[in-house]
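The values are calculated or read from the model by the stated rules, or taken from the named source; none is laboratory data. The structure presented is a predicted model; accordingly, all values stated were derived computationally and were not measured. Cβ coordinates were reconstructed from backbone atoms using ideal geometry, including for glycine residues, and neighbour counts include every protein chain displayed. Note: areas computed on protein heavy atoms with side chains; ligands, DNA, RNA excluded. Shrake-Rupley method; radii C 1.70, N 1.55, O 1.52, S 1.80 Å.
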Amino acid sequence: ITRNPSDTFKSEAGISVGENSTHRFQASISGKSGAGYYLSAKKFETDGFSENQMAQNTNFYGKVTKDITSSLKIEGSYEYVDINRADSGWSIWMGGKVVEDTIDRRGRFVLVYSPDDAIDVSLNGYFRAMDSSFTDNTATKFAIDNEVTYGGGVRSVWRHSADGAFSAGVETSRGNIVKYIWFSPESDYSVNKKAVYANELLSISDLTLN
């Protein structure tokens with residue numbers, strides 16, 4: 001989510017109801033009081049058209065921004081997602097009801113330094129933790145997937161003209177993944193990534209070159 005806090009307090013809420021016991025709930029608030037904030041909560045649930053289409057999704061997202069000085073800004077965000085649904089593909093193959101439960105948690109912070117309108121330099125860091133499991137109709141977990149990833153980077157942007165900007169940066173990430181299916185040996189391995197990138201963005205009338 002890239003939505004930023006609003007300058008004045010705003011709140012939104014909504015409820016919708018459909019066939020097959022389908023319900024959607026959502027609510028959010030946004031504003032500034034010393035620091036900017038945006039909070040959002042959503043829930044979706046349905047019995048589905050058939051026996052193996054049940055689903056329940058819960059989502060929470062929060063973002064806080066703060067201007068430390070006129071040229072230095074910090075922001076932090078966190079998202080929580082809980083997905084619980086019947087898996088029709090596994091259900092057909094297993095010959096019975098199979099439920100997937102996935103919990104995904106993500107956090108991020110960004111520190112941005114802008115000495116003038118033409119230059120931004122940012123430092124960022126993030127983490128992600130995801131746990132997934134599949135349970136059959138005997139309440140036995142036959143597949144498990146756990147992932148933990150964290151990383152960060154530095155990025156600079158130079159807006160050299162009204163129609164162009166140049167950006168460059170470096171990023172690195174590190175993670176650990178554990179997988180298990182039935183009686184197969186548990187797989188446990190690490191993932192390391194590093195990247196250096198540069199990008200030029202030019203706008204010519206209605207045409208954008210990237």
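Under the simplified labelling scheme, the Phe142-Glu171 pair shows an inter-label distance of 3.7 nm, with each label point 7 Å from Cα along Cα→Cβ. Computed with every protein chain present, the accessible area of Glu186 is close to 120 Å² [probe 1.4 Å]. Between Tyr197 and Ile83, the simple label model (points 7 Å from Cα in the Cβ direction) yields a spacing of 2.3 nm. Packing-based ranking of 16-28, 109-121 yields 109-121, 16-28, ordered from highest to lowest mean Cβ neighbour count within 10 Å. Relative protection proxy for 79-86, 191-198, from highest mean packing down: 79-86, 191-198 (other beta-carbon atoms within 10 angstrom). Solvent exposure of Phe166, expressed as accessible area, is near 80 Å², computed with a probe of 1.4 Å over the protein chains only.
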